[in-house]
1. Could you check how many residues of the range 250-267 are open to solvent by 20 Å² or more (accessible area, probe 1.4 Å), free of Cβ contacts under 8 Å to residues at least 24 places away in the same chain, under 16 Å from Ala301 (Cα atoms) and not basic (Lys, Arg)?
2. Before we move on, is Val304 assigned to a loop (DSSP other than H, G, I, E, B) and open to solvent by less than 80 Å² (accessible area, probe 1.4 Å)?
3. Being assigned to a loop (DSSP other than H, G, I, E, B), closer than 24 Å to Gly153 by Cβ and either within 30 Å of the chain's Cα centre (by Cα) or in contact (Cβ under 8 Å) with a residue 24 or more places away in the chain (or both) narrows it down to one residue among Ile242, Ile309; which is it?
4. Please pick out the residue among Leu365, Leu299, Leu377 that is over 30 Å from Lys257 (Cα atoms), touching a residue at least 12 places away in the same chain (Cβ under 8 Å) and assigned to a helix (DSSP H, G or I).
5. Under the condition of being over 17 Å from Cys62 (Cβ atoms) and of a type in the set (Lys, Arg), which residue from the range 304-362 is modelled with the highest pLDDT?
6. Scan the range 268-285 for residues that are part of a helix (DSSP H, G or I) and open to solvent by 30 Å² or more (accessible area, probe 1.4 Å) and jot them down.
7. For residues that are free of Cβ contacts under 8 Å to residues at least 24 places away in the same chain and hydrophobic (A, V, I, L, M, F, W, C), scanning just the range 140-159, find the one that is surrounded by the most Cβ atoms within 10 Å (Cβ to Cβ).
8. Six or more apart or on different chains, Cβ atoms under 9 Å: show the pairs whose first residue is in the range 2-31 and on the phi > 0 side of the Ramachandran plot and open to solvent by 10 Å² or more (accessible area, probe 1.4 Å) and whose second is assigned to a loop (DSSP other than H, G, I, E, B) and acidic (Asp, Glu).
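The values are calculated or read from the model by the stated rules, or taken from the named source; none is laboratory data. Please read all numbers here as calculations on a predicted model, not as lab measurements. Ideal geometry is used to build each Cβ from the backbone, glycine not excepted, and the neighbour counts take in all protein chains shown. Protein only, heavy atoms only, side chains kept; ligands, DNA and RNA dropped before computing areas. Shrake-Rupley method; radii C 1.70, N 1.55, O 1.52, S 1.80 Å.
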Amino acid sequence: MAGPLAGTLVLDLSRALAGPHAAMMLGDMGARVIKVESPGGDDSRRWGPPFVSGESTYFFSCNRNKESVVLDLKSAEGRETLERLVGRADVLIENFRPGVLDRLGFPVTRLHELNPGLVVLSITGFGHDGPEGGRAGYDQIAQGEAGLMSLTGLSEPTRTGVPIGDLLAGVYGAYGVASALAARERTGQGVVVRTSLLAALVGVHAFQGTRHTVAGQNPGLTGNHHPSIAPYGAFGCADGMIQVACGTEEHWRRFAKLLDIDPEEFPGNADRIARHRALVERLESVLRTRPRRHWLDLLAAEGVPAGAIRTIEEVYTWEQTLSQGLVIEVDHPATGRVRLPGSPLRVERADGTSVTRTRHLPPPLLGEHDETIRRELDEGLLA
């Protein structure tokens, strides 16, 4: 199997989104990912609508490039099979609440007895310790608790349109696993990588975090405009909205002149931030006289960063999206041929030759690979 992680075996014991997203990222890079599911299957198999041919599109979003085996970890047989899998694996991913894996008989000490080189990724809601470390982690709750919602929205705190805390925890988790695998090449020892939804969201506070920690400010709702750069945001035109990002003074001068506005009417970024409401009103008084396409063409010709606000449907039919390999096709046993969002990473050699995974697996049916994986275990072929 092509990809920089080809030859790496990952056990995905996680459910829902954060852990499965991390495992899928490793699978996208060529790892073999075995999804270990309870007899009832991953919770997200039942999340919807929409369902297609009885299959959850939510489950499809985070389980490509995986195989599925069903194990009842409350049974002796299930635990014995997991022990055998752990002994052959490179990575184990879990997102149980703290203590659950211990109670099932698989604390970290036991996992490393079975396989000293195993890299364990453990994802929780609010951390593995601390005064609230045992809390259940759901994305929207974490978005609120981690301050993200206090920055998002026009008139009231608002969640993002995707479960960004889960997704970021998965991204950070995969990054941690890749780092741990690199370290194992030198030490031969496995480690435990820990992250949480809380940690992932605080980790992307960026300049909003340092506004507080350095400047002592308490940032609030940002809306559709940047709190530190202007003009930088969404602006109304005759038939909708466009986005313009003037990251430099030269961008501002070009933008202003396109609208027949004297740039010195709002001189310097600090002045534009201080007079932001007046600035937006002045710009929109001109922008609203012509349609979006008119302004986007002019802005592109002048080299001013700008763009449309696309629907999801428009994104998946946009030639630029397709050109980047961001849509793949797979044959699923229940739904037939379907299109899925593809990996956001491309890996190439210096000569441009791709080493990215070339054959993608569809999200598996529950227990679809039970016989294959058990046979490979019995025959000593699992890798």
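1. So the count comes out to 1.
2. In short, yes.
3. Ile309
4. Leu377
5. Ranking the candidates gives Arg337 first.
6. Selection gives Asn269, Ala270, Asp271, Ile273, Ala274, His276, Arg277, Ala278, Glu281, Arg282, Glu284, Ser285.
7. The qualifying residue surrounded by the most Cβ atoms within 10 Å (Cβ to Cβ) is Met149.
8. Final answer for the pair search is Gly7/Asp90; Ala16/Asp42.
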